[in-house]
Amino acid sequence: MDFFLQQLINGITLGSVYALIALGYTMVYGIIQLINFAHGEFFAAGGYMGVILISYLSAQGLHPYACLAISLVLAMGYCALLAMAVEQLAYKPLRQASRLAALLSALGMSIFLQNGLMLTQGVYDKPYPTEITSGGFEVGAISVSYMQIFIVALTAFLLVGLNLLVFKTRIGRAMRATAQDKVMSALVGINSNRIIALTFAVGAGLAAAAGIMVGLYYGSVNYTMGFVPGIKAFAAAVLGGIGNITGALVGGLIIGMVEIFAAGYISGEYKDVFAFIILIGVLYFKPTGIMGENVDDTRV
Amino acid sequence: MTDKTPILELKNVVSAYGRIQALKGISLKVFEGEVVSIIGANGAGKSTTLMTICNIVKAVSGDILYKGERINSVNSDILPTMGLCQVPEGRRIFPRLTVLENLDMGAFFRRDTAGIKDDVERVFDLFPKLRERRKQLGGTLSGGEQQMLAMARALMSRPKVLLLDEPSMGLAPLLVKQIFDIVKMINEQGVTVVLVEQNANLALQAATRGYVLETGNVVMEDDAKALLANPDIRKAYLGE
Amino acid sequence: MTIHESKRLWLACGVGLVWFLLLLWPLLGIKPEGLEFASTFKVFGYVAVAAVFVMFFYQVKEAGYLDMVGTPTKQASTALGKTYDKAPTWLLLGIVLAAAIAFPLVTGRYAHDVAISVLIYVCLGLGLNIVIGLAGLLDLGYIAFYGVGAYTYAILSINYGLSFWLCLPIAAVIAAIAGCIIGYPTLRMRGDYLAIVTLGFGEIVRLILNNWMSLTNGPNGILSIPRPELFGYTFRSLSSMYYIILGLAVLTILAVYRLNYSRIGRAWEAIREDETAAELMGVNTFLLKLLAYAMGATFAGFAGAFFAARMKFVGPESFTFLESAMVLAMVILGGMGSIPGVILGVLALVALPELFREFQLYRMLVFGGAMTLMMLVRPAGIWPAKRVGRRSEEAE
């Protein structure tokens, strides 16, 4: 029973990370029907910016919590800008082109960004400073680390923020309107280019936060860190229902928990396989996902 | 001969879907305060005309003039801010936004919160059913209610020129009458209306003037009453 | 190009460079010791100079100043093209084949190495071309079949002593079976989902290869794989291996060429263009799609078995997604659906980088950027497929 609860906690932690990354995939697919292959690289870039900033700020003598908070915000901002640049350069010109062309452009960007990180930051793992991250407490035989609490709490906080943005602000309504009917949104005066850029920015910001959390949790980042979590997060987005924000959360948590429980009870080495199996299963049996799709299915 | 500038004018507009020509050189004028109807068979290019005006379909050649200025290269989303608004074919309300949210989107570019609130109330006075359903998702409304919502949403932008594409489509006769009464009322309040309709009778009854489209060309232009009395029109479009 | 357009282009270039600087600096310039700008400006310098060069060149070209060079070149190439069309195909192919056969005799070991790689990727590219170019199935996990073929030969030759020539068809068959297994769930999926699923399968195969210690020896891989033997002669030298892969490549080209112009090829193209319509016309899309996967996998299986024999070693790290992406790029960038296009794509992505060995580190970066650039500028590829038959608008 203790083992089960421990795995549950670990699963929720991992699931939160996947949920944050999945949101970026789902929001972008919801609005322009593109699988942003490069999204995993925003996650990686966020992880890198996090350690770069934290190292710099703490060398300047800032208190660790302040370092973390400022780095979080700045890294999210950086990845938002990066995502907007990538969208403008590699995706916007291909909006009328075939889906294959856009997909391959995204693939090219993914490889480009990954190698950009490699060339600027090196091939080796970049370690995260561990003072901020250590420590935890025990509840019986179950250990909960402060990092885990931080991850879940931050995810919850970001999700509340996203919810507010998307459901309570006018620009959020515009995002939803554009995702539901792009032509009509233009006819009511919504500049879809700006909305799409904003969607990319928000998605990447969330992924960046996930990247920092992962860096803190595992103690290091690597330029290849975006690939596998990226696919798993996409699986989560599809599982929950592509385009559906709540779906991304649900999907992320499920994938995270399945991975942890499978690793714990079945096999540690094959844990990555389970996410892929879920992905294939969902797409085969119920492609619209658990909570249903939310994409623009109208055309002029 | 009037020398008033038309509030909306098309001069020899040619537009295409890819390589297929849809409009082959359309010229029409709409003067302020009028209701102008565009009638014609299916595929004649009526909806394309409205979509071309709004720059959703690009005009390959010709001029589209709004208040005397060429708007060919103005982005679609700017037009509502200039007072030109379209209620496209098929209602196209945002299905997963509530009625209120749909209306808010109609006023997206406006900043005057108080004015928007007033307009929401006015629109609810016009369409009481919408007030009842204001927290409901657009996609759950009936066809008629969606049409009302689409029109209400357009009114939220305080348009000077309103383009309506087939407002009667798929609606019961009673609802159609309601819609057209509202169109009349909007027009009386000063909004110029361009009405595209397959139901030629309704369209011409409501209009000041009319244009007849056939496979991408304007084949006839006259006062609405004259068109209604025209034997060729009666035979082709009014079912006689 | 008008002054106005030119100004806008320079402005866009300038804005782009500013963004680049803004995004580059945090990665290079923020260090715990302090903020530094020198390294960023160095990189930015190179990029800016290159960008200005390209812009300048483009504007000069658009203004027509390059026509002095361009027009005669174009005329020459059109004339060349006409002679190419007039010359009998068998003569041209004969020349190419003769050159290919003579190749190892006039070149050194390094060139043999590159040539073998090129030929392996030609087989892979043409195989993937069947799946994606003909049938229109976006397979991102294609390299899995390559791995299956390679490991099949490795395991069978080491554990059971089977000869290379026997394992070749076995590897192909097993790869084909894998193709059917992987293809089956994807048959009802739409384009982008299909891509991700095949990617997932590719990863699953790699993970299995990496973790099934008893069968595949896990991350350590399988060593001491024997070279092929024929009537007592062991293919020890690279140049001898070259002839084997040349033979395989020629077989692949012939097979793909025949498939291209067969009823099956037509059916695949119908599926690619409009699956519903194809189904309604009596095309058994289910079987044909499965067949496409199987056939594509077969050629990968051949190539894989050869690869194992050539390297004498296989490990899971040779069969990553990046490899799949590279083969995909060769097909797409060269020209989807066209045999010369794929070959050109392979040359561009395998042989060309060898000329720039000093820039090895930037190879993948350039590859990624080139892929995006190609989609933006020339999505049909360098040598696109000629459509069989003409559409009404293209007829003279």
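The values are calculated or read from the model by the stated rules, or taken from the named source; none is laboratory data. Quick caveat: nothing in here was measured; it's all calculated off a predicted structure. So basically every Cβ, Gly included, is an ideal-geometry build from the backbone, and we count neighbours across all protein chains shown.
Listing for the model above:
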| item | result |
| --- | --- |
| Selection status of B:Phe94, out of contact with any strand residue (DSSP E or B) (no Cβ under 8 Å at 6 or more places or on another chain), facing chain A (nearest Cβ under 10 Å) and surrounded by fewer than 17 Cβ atoms within 10 Å (Cβ to Cβ) | no |
| The lone exception for B:Leu162 - which of (1) under 22 Å from B:Leu79 (Cβ atoms); (2) touching a Gly at 6+ places or on another chain (Cβ under 9 Å) it fails | (2) |
| Residue in the stretch C:222-229 that is within 12 Å of C:Arg310 (Cα to Cα), among the polar types (S, T, N, Q) and not in a helix (DSSP H, G or I) present | yes |
| Only listed residue being surrounded by 19 or more Cβ atoms within 10 Å (Cβ to Cβ), in contact with a helix residue (DSSP H, G or I) (Cβ under 6 Å, 6 or more places away or on another chain) and farther than 18 Å from A:Ala233 by Cβ, chosen from A:Leu57, A:Leu68 | A:Leu57 |
| Filter result (in a helix (DSSP H, G or I), of a type outside the set (Val, Ile, Thr) and either more than 22 Å from the chain's Cα centre (by Cα) or at the interface with chain C (Cβ under 7 Å from one of its Cβ atoms) (or both)) within the stretch A:111-124 | A:Phe112, A:Asn115, A:Gly116, A:Leu119, A:Gln121 |
| Cβ pairs under 6 Å, 6+ apart, first in the stretch C:348-369 and more than 9 Å from chain A (Cβ to nearest Cβ) and in a helix (DSSP H, G or I), second hydroxyl-bearing (Ser, Thr, Tyr) and surrounded by 11 or more Cβ atoms within 10 Å (Cβ to Cβ) | C:Val350/C:Ser117; C:Val350/C:Tyr121 |
| Residues (within 10 Å of another protein chain (Cβ to nearest Cβ) and either under 15 Å from B:Ala154 (Cα atoms) or in contact with a helix residue (DSSP H, G or I) (Cβ under 7 Å, 6 or more places away or on another chain) (or both)) located in the stretch B:117-143 | B:Gly138 |
| Candidates A:Phe234, A:Phe274, A:Phe261, A:Phe227 - the one that is surrounded by 17 or more Cβ atoms within 10 Å (Cβ to Cβ) and in contact with a His (Cβ under 9 Å, 6 or more places away or on another chain) | A:Phe234 |
| Qualifying residue in the stretch B:70-91 (condition: in a loop (DSSP other than H, G, I, E, B) and over 23 Å from A:Ala174 (Cβ atoms)) | yes |
| Any hit, the stretch A:126-145, residues being in a helix (DSSP H, G or I) and out of contact with any helix residue (DSSP H, G or I) (no Cβ under 7 Å at 6 or more places or on another chain) | no |
| Where A:Asp181 falls short, out of the listed (1) within 14 Å of chain B (Cβ to nearest Cβ); (2) in contact with a strand residue (DSSP E or B) (Cβ under 9 Å, 6 or more places away or on another chain) | (2) |
| Failed criterion for A:Ala97 (all others in (1) under 29 Å from A:Phe150 (Cβ atoms); (2) in a loop (DSSP other than H, G, I, E, B) hold) | (1) |
| Residue within the stretch C:178-193 that is surrounded by fewer than 24 Cβ atoms within 10 Å (Cβ to Cβ), away from every other protein chain (no Cβ under 14 Å) and not basic (Lys, Arg) present | yes |
| Number of the condition not met by C:Thr40 [criteria: (1) in contact (Cβ under 8 Å) with a residue 24 or more places away in the chain; (2) assigned by TED's automatic domain parsing to the domain that holds C:Trp10] | (1) |
| Pick from the stretch B:159-196, criterion in a helix (DSSP H, G or I) and of a type in the set (D, E, K, R), ranking: nearest to B:Arg209 (Cα to Cα) | B:Lys184 |
| Hits in the stretch C:137-163 - residues which are more than 18 Å from C:Ala300 (Cβ to Cβ) and not in a helix (DSSP H, G or I) | C:Gly161, C:Leu162, C:Ser163 |
| Residue list for the stretch A:63-75, filter: more than 12 Å from chain C (Cβ to nearest Cβ) and either over 15 Å from the mean Cα position of the chain (by Cα) or of a type in the set (Asp, Glu) (or both) | A:His63, A:Pro64, A:Tyr65, A:Ala66, A:Leu68, A:Ala69, A:Ile70, A:Val73 |
| Check on C:Val118, more than 14 Å from chain A (Cβ to nearest Cβ) and in a helix (DSSP H, G or I) | yes |
| All helices (runs of 4 or more DSSP H) inside the stretch A:198-293 with 1 or more residues being away from chain C (no Cβ under 14 Å) and modelled with pLDDT of 85 or more | A:227-240, A:245-261 |
| Among the candidates A:Leu104, A:Leu119, residue that is crowded, with 21+ Cβ neighbours inside 10 Å and without any contact (Cβ under 8 Å) to a residue 12 or more places away in the chain | A:Leu104 |
| Any hit, the stretch C:23-30, residues being more than 8 Å from chain A (Cβ to nearest Cβ) and over 26 Å from A:Tyr56 (Cβ atoms) | no |
| Set C:Arg227, C:Arg236: member being surrounded by fewer than 19 Cβ atoms within 10 Å (Cβ to Cβ) and in contact with a strand residue (DSSP E or B) (Cβ under 8 Å, 6 or more places away or on another chain) | C:Arg227 |
| Long-range neighbours under 6 Å by Cβ, at least six apart or interchain, first residue farther than 21 Å from A:Val273 by Cβ within the stretch C:212-231, second of a type outside the set (Lys, Arg) and at pLDDT below 80 | C:Arg227/C:Thr234; C:Arg227/C:Phe235; C:Pro228/C:Phe235 |
| Whichever residue in the stretch C:252-271 is part of a helix (DSSP H, G or I) and among the polar types (S, T, N, Q) and, among such residues, is surrounded by the most Cβ atoms within 10 Å (Cβ to Cβ) | C:Thr252 |
| Residue check for C:Phe201: at pLDDT below 90, assigned by TED's automatic domain parsing to the domain that holds C:Leu119, among the hydrophobic types (A, V, I, L, M, F, W, C) and surrounded by 18 or more Cβ atoms within 10 Å (Cβ to Cβ) | no |
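Every residue, every condition in (1) at pLDDT 95 or above; (2) more than 9 Å from every other protein chain (Cβ to nearest Cβ), yes or no:
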| residue | (1), (2) |
| --- | --- |
| A:Ile35 | no, no |
| A:Ala44 | yes, yes |
| A:Ser58 | no, no |
| A:Gly77 | yes, yes |
| A:Leu82 | yes, no |
| A:Pro93 | no, no |
| A:Leu100 | no, no |
| A:Leu107 | no, no |
